[in-house]
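The structure appears below as structure tokens.
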Amino acid sequence: LERRGCDPQSISVLDIKRSDWIRVAGGLFDVNFYRNCAEPTGGGYGWYVKKLTECITEAHAAGGGEQKVLLIGHSAGGWLARAALADEEVRDKVACLTTLGAIHRPPADIASCVTRGALAYTDREYPGAFLRDRGVGYVSVGGDAITGDNAKQQEIANDADDVYSARGEGSSGRVAFTSYEAVCGRG
């Protein structure tokens, strides 16, 4: 964003590390997680939604409370941002939600969804651009730079493949395939 001319003082980034996602295991203490009807604010994902709403509130205040926030969410951060916008105090601080590579609809076989119902709840309760009439803009970006491929052995084609291969995950194509298959039923 800085390279595009945005003032670095006006950019806030939610501090989430890959290892933080182990906190989704908190859903194991939520009966709805077992019933496949988890909510995005429940034991599995509530920590993320809470952290995101705090970040939005802080970013809005840092801008003097006058300027609304442009919210950008990648992958699970995209659909969880929709859930965060259910909070009226938060939604009034957001001008637009842009999602990058985010799944917005659960798989046809809801029992196979790794979110244990949280994505289905979000899609049902906060469908698509559910705040469009309240002035919140929506942009959803997808691409095909990395195409899902379930092959265990693939040629190293890019820097991302080097990283995934070193971690024993195969390639970026395999990671994309397994990640999207787990969430939306198709790799």
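The values are calculated or read from the model by the stated rules, or taken from the named source; none is laboratory data. Keep in mind that this is a model prediction, so the values were computed, not measured. With ideal geometry, Cβ positions are generated from the backbone for all residues, glycine too; neighbour counts draw on all protein chains shown. Surface areas here come from the heavy atoms of the whole protein model, side chains and all, with no ligands, DNA or RNA. Shrake-Rupley method; radii C 1.70, N 1.55, O 1.52, S 1.80 Å.
Brief remarks on what is shown
- Per-residue 3J(HN,Hα) values for region 66-73, derived from phi via the Karplus relation 6.51 cos²θ - 1.76 cosθ + 1.60 with θ = phi - 60°, read 9, 9, 6, 8, 9, 9, 10, x Hz in sequence order (x marks Gly and Pro).
- Accessible surface, 1.4 Å probe, highest first, among residues Trp79, Trp47: Trp47, Trp79
- Accessible area in square angstrom per residue, region 1-111, 1.4 angstrom probe: 59 Å²
- Karplus 3J(HN,Hα) series, Hz, for region 91-97 with 6.51 cos²θ - 1.76 cosθ + 1.60 (x for Gly, Pro): 4, 6, 9, 10, 8, 7, 10
- Local electrostatic count, Arg18, Cβ distance below 14 Å [Lys/Arg +1, Asp/Glu -1]: 0
- Over the residues of the chain, the helix contribution to mean residue ellipticity at 222 nm works out to -9500 deg cm²/dmol, using -39500 (n - 2.57) for each DSSP H run of at least 4.
- Per-residue Karplus couplings for region 28-40, computed as 6.51 cos²θ - 1.76 cosθ + 1.60 with θ equal to phi - 60°, are listed in order as 5, 9, 10, 4, 5, 4, 6, 7, 6, 9, 5, 9, x Hz, Gly and Pro entered as x.
- Share of carbon and sulfur in the accessible heavy-atom surface of region 55-146 [1.4 Å probe, %]: 50 percent
- Long-range HN-HN contacts of Leu70 with modeled amide H, under 5 Å: Ala95
- Dividing the Cα radius of gyration of region 62-113 by its Kirkwood radius returns 1.10 for Rg/Rh.
- Eigen-decomposition of the gyration tensor built on the alpha-carbon atoms of the chain gives equivalent ellipsoid semi-axes of 28, 22, 15 angstrom, largest listed first.
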